[in-house]
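Participant: One structure, as structure tokens, below. Some questions next.
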Amino acid sequence: MKTLIKNGRLIDPANNRDGLYDILIEKKKVLAVEEKGKLSETEENASEVIDAEGLVVAPGFIDMHVHFREPGFEYKETIETGCQSAAAGGFTSVAVMPNTDPVNDSRSVTEYMLRQAKAKGVVNVYAIGAITQGLKGERLSEMGDLKEAGVVAYSDDGRPVMNNELMRRAFEYSKMFGLPCIQHSEMLDLTEGGCMNEGHVSTELGLKGMPTEAEDIMVYRDIALLTKTGGRLHVAHISSGGAVELVRLAKAKGLPVTCEVAPHHFALTDEAVRGYDTNTKMSPPLRTQTDIDAIKEGLRDDTIDIIATDHAPHDVADKQVEFNHACFGIVGLETALPLTLGLVEEKVLTLAKAVEKLTSKPAQLFQLDRGALGVGDVADIVLFDPNAEYSIDVKKFKSRSKNSPFDGWKVKGKVMRTLVSGKTVYSASSD
């Protein structure tokens, strides 16, 4: 059975392709890639022909930072519904964080999550193991056992590893096992009780703030530990302009530091909190325009390596409370594309560079055999219309939770079809 995708603009940064190409798929993999029209003789022999006229064809997006809440919090999201949300957003691969119940700090939990993904998921799911047992920051998890079980990185995301000695040892083990440590960068003693960015907006609203220094100090500490331990540091959901500069300086010194940014941290400032909408509450919090400007410069000069959503679903009951009592986090998989294309519209990134930060770059950083559409590569593909205009409607989200501050936003850029191993797992026409 062969599938032909024709007439689309292929953007495949891993293979330096950006132009009109046709792609032939067979047995879950890319069989051929040729300039438009050169595969037309096979059209009559193809079982399925997808006309991508006017669409961008790209490797399926890769999100290295999602929370699917299973096991333990299935009322917010399951691996099944999370995968459906990912497919609707154009993501064919996701990495799930370990702050589940039980925590993914053991082989048995990792294996359970991967089994569930294989049985019920429509996209590729990778597991991230906990750095410390129970995310308590007291004892290291069995990091070697976790790697054997299949994790692709280690993180206590949701909480930072505060203990300096423990983080030092974690880096040493990460070097030994060849996997990165992903750090939620926050000094908890500076943010205790905080619920938004510390600044004039928090003062005016009467809400306790979370200063950028809390992020900066932790990033500085982790970079300092790397110089002796080796290992690899990946800074999660960077939000502070100061932290961006610290990563830039570390890279200039040749240190193994990478980082990601979530779309909400370049799309919204703390001004969005003025309406006390709990969907604007996240950790790290929305920062200032100065921070956003620094983030955009970091994206432009590749200090910020990748874009990841930090998809954090919460039930209505978790958000319909006073702002300071609401859970942190928003869903992000189904809004990532249009928000990222906003950077293209602003000329912060080219379209090809935006696709790179969603595909080949995360695959490279986390050693995944995805993110490319060369001959022989797995046919994980997204087709999107970069010019489609519409209003975001959270009621149409595939995610079980709808906690997004972007409801009603008028945006450009819509996923039309997502294929995993050559099989369509999402089609806008069926919505």
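The values are calculated or read from the model by the stated rules, or taken from the named source; none is laboratory data. As the structure is a prediction and not an experimental result, all values here were calculated from the model. Cβ placement follows ideal geometry from the backbone for every residue including glycine, while neighbour counts extend to all protein chains displayed.
Participant: Give the number of residues within segment 367-384 that are in a loop (DSSP other than H, G, I, E, B), over 17 Å from Gly19 (Cβ atoms) and not charged (D, E, K, R).
Facilitator: Looking only at that region, the number is 5.
Participant: Mind listing whichever residues of segment 37-65 are of a type in the set (A, V, I, L, M) and within 26 Å of Cys83 (Cβ to Cβ)?
Facilitator: Ile50, Ala52, Leu55, Val56, Val57, Ala58, Ile62, Met64
Participant: Let me ask something else about it. May I ask you to say which residue of Gly374, Gly413 is on the phi > 0 side of the Ramachandran plot and touching a strand residue (DSSP E or B) at 6+ places or on another chain (Cβ under 7 Å)?
Facilitator: Unique residue meeting the criteria: Gly413.
Participant: Quick one: which helices (runs of 4 or more DSSP H) lie wholly within segment 218-324 and hold at least 1 residues that are in the same structural domain as Glu346 (by TED's automatic domain parsing) and either more than 25 Å from Pro338 (Cβ to Cβ) or among the polar types (S, T, N, Q) (or both)?
Facilitator: Qualifying helices (runs of 4 or more DSSP H): 241-252, 289-300, 316-319.
Participant: Can you name the residue in segment 91-109 that is of a type in the set (Gly, Ala, Ser) and under 16 Å from Asp63 (Cβ atoms) and, of all such residues, is surrounded by the fewest Cβ atoms within 10 Å (Cβ to Cβ)?
Facilitator: For segment 91-109, the residue satisfying everything is Ala95.
Participant: Return the residue satisfying two criteria in turn: it lies in segment 110-144 and is among the small types (Gly, Ala, Ser) and not in a strand (DSSP E or B), and of such residues it is surrounded by the fewest Cβ atoms within 10 Å (Cβ to Cβ).
Facilitator: Ala119
Participant: Show the residue pairs that are 6+ apart or on different chains and have beta-carbon atoms under 8 Å apart, the first residue being within segment 137-161 and farther than 30 Å from Ile330 by Cβ, the second being surrounded by 21 or more Cβ atoms within 10 Å (Cβ to Cβ) and of a type in the set (D, E, K, R).
Facilitator: Close Cβ pairs (under 8 Å, with a partner that is surrounded by 21 or more Cβ atoms within 10 Å (Cβ to Cβ) and of a type in the set (D, E, K, R)) amount to Glu142/Asp105.
Participant: Name every residue in segment 364-398 that is crowded, with 21+ Cβ neighbours inside 10 Å and closer than 14 Å to Ala336 by Cα, in order of residue number.
Facilitator: Passing the criteria: Val382, Phe384, Phe397.
Participant: Which residues, taken from segment 5-53, are among the β-branched types (Val, Ile, Thr) and more than 25 Å from Gln364 (Cβ to Cβ)?
Facilitator: Within segment 5-53, Thr42, Val49, Ile50 qualify.
Participant: Next question, about the same structure. List pairs: first residue in segment 248-274 and free of Cβ contacts under 8 Å to residues at least 24 places away in the same chain, second residue part of a loop (DSSP other than H, G, I, E, B) anywhere in the structure, Cβ distance under 7 angstrom, at least six positions apart or on different chains.
Facilitator: Thr269/Leu286; Thr269/Arg287; Thr269/Thr288
Participant: Something else: What number of residues within segment 336-366 satisfy the criterion of being within 19 Å of Tyr21 (Cα to Cα) and acidic (Asp, Glu)?
Facilitator: 1
Participant: Looking at Arg69, is it at positive phi and either touching a residue at least 60 places away in the same chain (Cβ under 8 Å) or outside the structural domain of Thr350 (by TED's automatic domain parsing) (or both)?
Facilitator: In short, yes.
Participant: Tally up the residues in segment 73-119 that are in contact with a Pro (Cβ under 7 Å, 6 or more places away or on another chain) and either closer than 17 Å to Leu135 by Cα or at pLDDT below 95 (or both), please.
Facilitator: Number satisfying all stated conditions: 6.
Participant: For Ser401, are the conditions met, namely being at pLDDT 95 or above, farther than 12 Å from Gly60 by Cα and buried (at least 21 other Cβ atoms within 10 Å of the Cβ)?
Facilitator: Taking the combined requirement at face value, the residue satisfies it.
Participant: Something else about it: If I ask for residues that are modelled with pLDDT under 95 and either surrounded by 22 or more Cβ atoms within 10 Å (Cβ to Cβ) or assigned to a strand (DSSP E or B) (or both), which ones from segment 1-20 would you list?
Facilitator: Lys2, the sole residue that qualifies.
Participant: Next question, about the same structure. Between residues in segment 170-184 that are in the same structural domain as Leu146 (by TED's automatic domain parsing) and residues that are basic (Lys, Arg), which pairs lie under 7 Å by C-beta distance while being six or more apart or on different chains?
Facilitator: Note: pairs meeting the criteria are Ser174/Arg232; Phe177/Lys147; Leu179/Lys147; Pro180/Arg232; Cys181/Arg232; His184/Arg159.
Participant: In segment 90-100, which residues are more than 18 Å from Ser360 (Cβ to Cβ) and either free of Cβ contacts under 8 Å to residues at least 12 places away in the same chain or not polar (S, T, N, Q) (or both)?
Facilitator: Result: Val96, Met97, Pro98.
Participant: Return yes or no: is Glu77 assigned by TED's automatic domain parsing to the domain that holds Gly413 and either exposed (fewer than 15 other Cβ atoms within 10 Å of the Cβ) or of a type in the set (D, E, K, R) (or both)?
Facilitator: no
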